[in-house]
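Below is one structure, written out as structure tokens; the observations come after it.
The values are calculated or read from the model by the stated rules, or taken from the named source; none is laboratory data. Since the structure is predicted, the reported quantities are computational estimates derived from the model, not experimental observations. Glycine also receives a Cβ, built like all others from the backbone with ideal geometry; neighbour counts cover every protein chain displayed. These accessible areas exclude ligands, DNA and RNA; they are computed on the full protein's heavy atoms, side chains included. Shrake-Rupley method; radii C 1.70, N 1.55, O 1.52, S 1.80 Å.
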Amino acid sequence: MMNCELLATCSALGYLEGDTYHKEPDCLESVKDLIRYLRHEDDTRDVRQQLGAAQILQSDLLPILIQHRQDKPLFDAVIRLMVNLTQPALLCFGSVPKEPSFRHHFLQVLAYLQAYKEAFASEKAFGVLSETLYELLQLGWEERQEEDNLLIERILLLVRNILHVPADLDQEKRIDDDASVHDQLLWAVHLSGLDDLLLFLASSPAEQQWSLHVLEIVSLMFRDQNPEQLAGVGQGRLAQERSTDVAELEVLRQREMAEKKTRALQRGNRHSRFGGSYIVQGLKSIGERDLIFHKGLHNLQNYSSDLGKQPRRVPKRRQAARELSVQRRSALNVRLFLRDFCSEFLENCYNRLMGSVKDHLLREKAQQHDETYYMWALAFFMAFNRAASFRPGLVSETLSVRTFHFIEQNLTNYYEMMLTDRKEAASWARRMHLALKAYQELLATVNEMDMSPDEAVRESSRIIKNNIFYVMEYRELFLALFRKFDERCQPRSFLRDLVETTHLFLKMLERFCRSRGNLVVQNKRKKRKKKKKVLDRPVAPGNVPASAGELEAVWPSLAEHLDSVVPFDAASEVPVEEQRAEAMVRIQDCLLAGQAPQALTLLRSAREVWPEGDVFGSQDISAEEELQLLKQILCAPLPRESAVPSQEEDEEEEDEEEELQAVQVSEKEFNFPDYLKRFASSAVVRAYVLLLRGYRQNGAHTNHCVVKMLHRLAHDLKMDALLFQLSLFCLFNRLLSDPAAGAYTELVTFAKYILGKFFALAAVNQKAFVELLFWKNTAVVREMAEGYGSLDGGRKPPMWTPEEEAQLQELYLAHKDVEGQDVVDVILAHLKTPRTRKQVIHQLVRLGLADSVKDFQRKGTHIVLWTEDQELELQRLFEEFQDSDDVLGHIMKNITARRSRARIVDKLLALGLVAERRELYKKRQNSAPFLILSPFFISDEDEEKEEDSEADKVRPWAGRDVSGGGVGSLSFSAPLLWLQNCLMRVADDREEDGCSQPVPLVPLTEENEEAMENEQFQQLLRKLGVRPPASGQETFWRIPAKLSPTQLRRVAASLSQPEEKLQPGPEPEVPGEQGPEEEHQKEHRSQALRALVLARKKRAGLVSPEGKTTYLLDSDEEQEKDEGRSKGKESEWDLLFLLTSSTLLLSPEDQCYSPLTYLDTLSSHPCHSHSPRVQSSRNPKEETVPD
């Protein structure tokens, strides 16, 4: 049912009385309301369907358009509404819906559009549109307003929408030469004069903005027409048409005569009362017995094993693509009108319009996929010009090498998109078909120019062909299209056009090669460059001097380049693998190649990596000693590995080589037979056979193109075995048994030729019958003709005999567990038959002795497995050097079998000797200060400046051990130095920015990380006010945000005391008398300490026995829960800094009683020994007071 609001709106439009339409006063507002309703319709397009069911366009909008043209606002609104209502269904739904419910709505909207198209097939409606358009085009640019341009565009869009509606073939059921709805629409366009306006818009330079609209309308006008047939309208029946009709009638007559002959040979129609069953000898049934036939003998020849079986259902995704374009012959008067339109369009509009459209496409002023209209117009009008009266000047705009390039570029783009965008593969295939048709017509026009009597035209054709045949992409295009042909996306018509275009291209290319004698073409190939590492490049054999005298003569020239070498930076060229011998050989190779600076760089980098034993010199070697060492390396007889052919080492050197692909462009002399051999592939032959299956539906020219290509492969290239395929032979059998085989003389002759070749080969090679089951390549074809195995000489390695396999197995089992040697090299040295390394490895894998080829790749050290003795040795070395500063270095220096650093670390972890890799790090006494993650970025230069400026303050702690009860007996000099720098830096940041937030302390060295994990150091951090990490949320200790810059500086200054003055114990006696000021300071300090002790006693007494959580220092998130207790409990933090301030006022001799000392003393006091606040805990919030 129609919506009540829509019904009321439609009723307010007006009514039709006879032939007169009476509009209502609110007609304009009602039309605007309908436009508004259409703008807000849902996904099912419900408003559009309801308006279509009510036939609003036929009963209201068209009468208003015809009779009330003078009301300009109403006329404009009606045009807007019509443009919206006639919008294509594909644009409304985006694509053809796959869901059944939405597909129903799609088909319903399409049915309403077809009804609109039939209603528009009247001269009156198009007469009004053409008159309005004519009046608007009469206005000059200075008089034409924006509303006028909008109305012109809407009229063109309305005509486009009406012509775009597809025909309903099942409903119309029109035959050729009958007027369909589309023909009636075209005739109405012709009678209204709209076609003349379209020609004006296409030819006028001032109306170029409408060029794409005009081209789209013209393409829709001619979408069902054949340009060759249209060009011959009105000239009587052509000889070609008459011969085609005669051939078709002859085929039908032969088939009819064959059927009559078959019926005459059959028995009479009288029914035999005597039925029977027959045993067909030689034809097996389902079992092993002969077939039993229960029908008459005259039906035996029609017997098939497939009788009675249900046909196999083909899934939708595997079904062949359907033909979407249908060509038909329109009524004669319509074809005459279209022929005259084409002639005038070519005379006056084609070159100008196509140039304008091409400019829009190149400047990206057009919409997406508008280039398809350009390619359709190119193919259609150039074919019409070629068939009517060939005049190259009429299509000169598109007859150039640039047009070839444009079409080839789009064709390649569509081809790639079809392979990648699988969901829209069918759409990309249709666009690719349009581009192929345009390419085919360009070739046909150039071929037609060769036959022109004008010498200038033939010269232009020669220049175009020379450019096309020279470029490689034009020659490779057809091969790519054949190889990727997919019948699920591309219809049979695409394959037909591809075969015909290929036939034309090969014929033109062959003729051009014969006329030129020799043809030079462009050749492109991808060159794979293997770029090895510079340090791994072996020295050339010719560079190695033969005698020591020659080596002595080489040295003076090298010494001159070693004077001004910049010292090597170990951080940039440190090798990963620990291979001393190879490094020594590399240094010698560089010296022999004349690369002295690189040799010196390698020497110094090797010295950094292998300092043990001073093999590459000591750390404090002088320049003269370094030169002498290089001279010794140059003259030393270093062991070198024997060179192995690169063909055998390709797989092993993949990780050490960079493979670069570069397109190398060159020129070569073109050889047509070699180019034709590119088509000798199973993919191409399969596509041709697929098209040949429909030989009855194909035209004579299409069948000729197929047979010509297959004949080129079988006869010219001597590859007839390429066509020995069972499916093709079944097709030949159907062709030879066809009653109308006389009409396909060329096909029958070719089929007999191929069958004769096959049976001649089968007499020699009995395996040819088995080869019928498979598609073949050129190598198999040659083996079938020359003998199997004839191509393997020199390409495949000789087979392994059982004796050789036994010897290989024996050698492998004997040497596989030997350390320090390559098992494959040992096998190669002992084999009797010379083999390559690659052959030995593959045979070991084939025999099951090895799992993979990768097990034999030589990377770094050859030692992979650890023996039991080696594991015991490693365990002994670890126990011996585990307390040293460099555990891993000592192990590598003293271990018997050479191992890489990574393998030793992995083995130590596997044995459980260490838990983490960092336990094997080299311990350093003088570590660099820690970095701190602050809210502000601190550069390395600023940090160095700060460290230099604070060196005087923190120097007393450097390199000393702080031994005392508060910190312990470990060395915390570096961590305390780092902590002091962090506190000072945070204090400066907070003072500069005026804001503060918690700052984490992030240790970056081993020593400081161990200190942060030490319980005594953590206790010191708590006393200084540093907050431990929150449980489950944080990782690092943090400096609270509540500490002011002044407090941070005081805490940092308290860490600057000499280590001997931090020893806890009784107060030392200071010699000499003390002044009143010192006594006052000491008294002030004693009062502060007594107050601190009293505060701790009070706090211990106030804590409830239930075990309430207590804190040493308040963190950022803490809040006082009991304000009443704050008076009785003085802040320990204030007392601590009171002690700090009193300490800073003391003389250096009296500063031994620092706050840290007193805190440590208090922590060990009997009164506080039970207090949990001085015990070490990773999470202070979990500390409770015991009962």
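With respect to LYS295, is the statement that it is surrounded by fewer than 19 Cβ atoms within 10 Å (Cβ to Cβ), touching a strand residue (DSSP E or B) at 6+ places or on another chain (Cβ under 9 Å) and in a loop (DSSP other than H, G, I, E, B) true? For LYS295, the condition - surrounded by fewer than 19 Cβ atoms within 10 Å (Cβ to Cβ), touching a strand residue (DSSP E or B) at 6+ places or on another chain (Cβ under 9 Å) and in a loop (DSSP other than H, G, I, E, B) - is met. Looking at (1) in a helix (DSSP H, G or I); (2) modelled with pLDDT of 80 or more, can you tell me which one GLN281 breaks? The number of the failed condition is (1).
Is there a residue being in a loop (DSSP other than H, G, I, E, B) and among the aliphatic types (A, V, I, L, M) anywhere in region 34-52? Within region 34-52 (the criterion being in a loop (DSSP other than H, G, I, E, B) and among the aliphatic types (A, V, I, L, M)), the answer is no, since none of the residues qualifies. Of all residues in region 795-843, those satisfying the criterion of being in a loop (DSSP other than H, G, I, E, B) and open to solvent by 90 Å² or more (accessible area, probe 1.4 Å) are ARG795, LYS796, MET799, LYS816, ASP817, LYS832, PRO834. Beta carbons closer than 9 Å, at least 6 apart along the sequence or on distinct chains, pair a first residue in region 612-634 that is closer than 14 Å to LEU591 by Cβ and among the basic types (Lys, Arg) with a second that is at pLDDT below 75 and assigned to a helix (DSSP H, G or I) for LYS631/LEU551; LYS631/GLU552; LYS631/TRP555; LYS631/LEU558; LYS631/ALA559.
For region 994-1035, residues that are over 47 Å from the mean Cα position of the chain (by Cα), open to solvent by 70 Å² or more (accessible area, probe 1.4 Å) and of a type in the set (A, V, I, L, M) total 0. Has region 731-752 got any residue that is surrounded by fewer than 19 Cβ atoms within 10 Å (Cβ to Cβ), within 41 Å of the chain's Cα centre (by Cα) and within 28 Å of ALA321 (Cβ to Cβ)? No. For LEU399, indicate whether it is under 23 Å from LEU495 (Cα atoms), in contact with a helix residue (DSSP H, G or I) (Cβ under 8 Å, 6 or more places away or on another chain) and among the hydrophobic types (A, V, I, L, M, F, W, C). Here the answer is no, as LEU399 does not meet what is asked. The helices (runs of 4 or more DSSP H) found entirely in region 864-971 that carry 2 or more residues being modelled with pLDDT of 50 or more are 868-881, 887-894, 901-911. Determine whether ARG335 is open to solvent by 50 Å² or more (accessible area, probe 1.4 Å) and out of contact with any Lys or Arg (no Cβ under 6 Å at 6 or more places or on another chain). So ARG335 does not fit the description; no.
Matching residues to (1) among the hydrophobic types (A, V, I, L, M, F, W, C); (2) at pLDDT 90 or above; (3) not assigned by the TED database to the domain that holds GLY14:
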site	(1), (2), (3)
LEU61	yes, yes, no
PHE75	yes, yes, no
THR86	no, yes, no
LEU90	yes, no, no
TRP141	yes, no, yes
ILE152	yes, yes, yes
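Within region 846-863, if we keep just the residues that are buried (at least 16 other Cβ atoms within 10 Å of the Cβ) and over 19 Å from VAL905 (Cβ atoms), the residue that is modelled with the highest pLDDT turns out to be ALA850. Looking only at region 865-900, which residues are over 24 Å from GLU608 (Cβ atoms) and surrounded by fewer than 13 Cβ atoms within 10 Å (Cβ to Cβ)? LEU865, THR867, GLU868, ASP869, LEU872, ARG876, GLU879, ASP883, THR896 - these are the residues of region 865-900 that are over 24 Å from GLU608 (Cβ atoms) and surrounded by fewer than 13 Cβ atoms within 10 Å (Cβ to Cβ). Would region 417-426 turn up any residue that is surrounded by 20 or more Cβ atoms within 10 Å (Cβ to Cβ), touching a residue at least 24 places away in the same chain (Cβ under 8 Å) and touching a helix residue (DSSP H, G or I) at 6+ places or on another chain (Cβ under 7 Å)? Yes, the conditions are met somewhere in region 417-426. Of all residues in region 55-66, those that are touching a residue at least 12 places away in the same chain (Cβ under 8 Å) have Cβ atoms under 9 Å from Cβ atoms of residues that are open to solvent by less than 10 Å² (accessible area, probe 1.4 Å) and of a type in the set (S, T, N, Q), 6 or more apart or on another chain, in LEU57/THR86. For the residues VAL770, VAL780, the requirement of being buried (at least 16 other Cβ atoms within 10 Å of the Cβ), in a helix (DSSP H, G or I) and β-branched (Val, Ile, Thr) singles out VAL780. Checked against (1) exposed (fewer than 15 other Cβ atoms within 10 Å of the Cβ); (2) not in a helix (DSSP H, G or I), ASN765 meets all criteria but (1). A count restricted to region 450-506 and to residues that are touching a strand residue (DSSP E or B) at 6+ places or on another chain (Cβ under 7 Å), of a type outside the set (A, V, I, L, M) and over 30 Å from VAL689 (Cβ atoms) stands at 1. A residue that is within 28 Å of LEU16 (Cα to Cα), outside any helix (DSSP H, G or I) and either open to solvent by less than 70 Å² (accessible area, probe 1.4 Å) or at pLDDT 90 or above (or both) occurs somewhere in region 109-128.
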